[in-house]
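Worksheet: the structure to be examined is printed underneath.
The values are calculated or read from the model by the stated rules, or taken from the named source; none is laboratory data. Bear in mind that the values here come from a model prediction, so they are computed numbers and not experimental data. A quick note on method: Cβ atoms are made from the backbone with ideal geometry, for glycine too, and the neighbour counts reach across all protein chains shown. Protein only, heavy atoms only, side chains kept; ligands, DNA and RNA dropped before computing areas. Shrake-Rupley method; radii C 1.70, N 1.55, O 1.52, S 1.80 Å.
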Amino acid sequence: QVQPVESGGGLVQAGGSLRLSCVVSGSIFSINAMAWYRQAPGKQREWVAVITSGGSVRYVDSVKGRFTISRDNAKNTVYLQMNSLKPEDTAVYYCNVPSDYHPPWGQGTQVTVSS
């Protein structure tokens, strides 16, 4: 299976915004929910947001009202719009299928929020 390819991270001041993108193999994307995860230094990877193939979304409580997940089925791409960023959002962000049978993890994209 092909790894997802994440992009869009960077360094931003607290209160700023970033939009992450993740391109996934079409054969995987069209039939699956997709999720964003993040891993901060010294911590385990955690789930952040998920979007089903039909467009239903859920978020971890810490990002509700600030992050928005969306998908473009024609481009096999899932997005994460991140607003009102906080230093505690600093992490490497990954996307993948929220299942035990997921593709290999990609390289992720680093998000650093300065205070």
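Some observations on this one:
- Here the label points at GLN110 and ARG66, each 7 Å from Cα along the C-beta direction, are separated by 2.1 nm in the simple model.
- Accessible area per residue, Å², the chain with all protein chains present, probe 1.4 Å: 52
- Using a probe of 1.4 Å on the protein chains alone, the accessible area found for VAL50 is around 20 Å².
- Over the chain: helical MRE at 222 nm, DSSP H runs n ≥ 4 each giving -39500 (n - 2.57), nearest 500: -500 deg cm²/dmol
- Sulfur and carbon atoms: percent of accessible area, the range 1-89 [1.4 Å]: 48
- Per-residue 3J(HN,Hα) values for the range 60-65, derived from phi via the Karplus relation 6.51 cos²θ - 1.76 cosθ + 1.60 with θ = phi - 60°, read 5, 4, 5, 10, 4, x Hz in sequence order (x marks Gly and Pro).
- Label-to-label distance, GLU46 versus ILE31, with points set 7 angstrom from Cα along the beta-carbon direction: 3.3 nm.
- Ranked order, LEU18, LEU11 - accessible area, probe 1.4 Å, largest first: LEU11, LEU18
- The gain in end-to-end length when the TYR101 to GLN81 segment is fully stretched comes to 4.6 nm, 0.36 nm per residue minus the alpha carbon separation.
- Here's the list of lysines a cross-link from LYS64 could span, going by alpha-carbon distance under 21 Å and ignoring same-chain residues fewer than 8 apart: LYS43, LYS86.
- Label-point separation in nm, ASN73 to SER53, each point 7 Å along Cα→Cβ: 0.9
- Karplus (6.51, -1.76, 1.60) ³J(HN,Hα), θ = phi - 60°, over the range 44-49, in Hz, Gly and Pro reported as x: 6, 4, 10, 6, 10, 7
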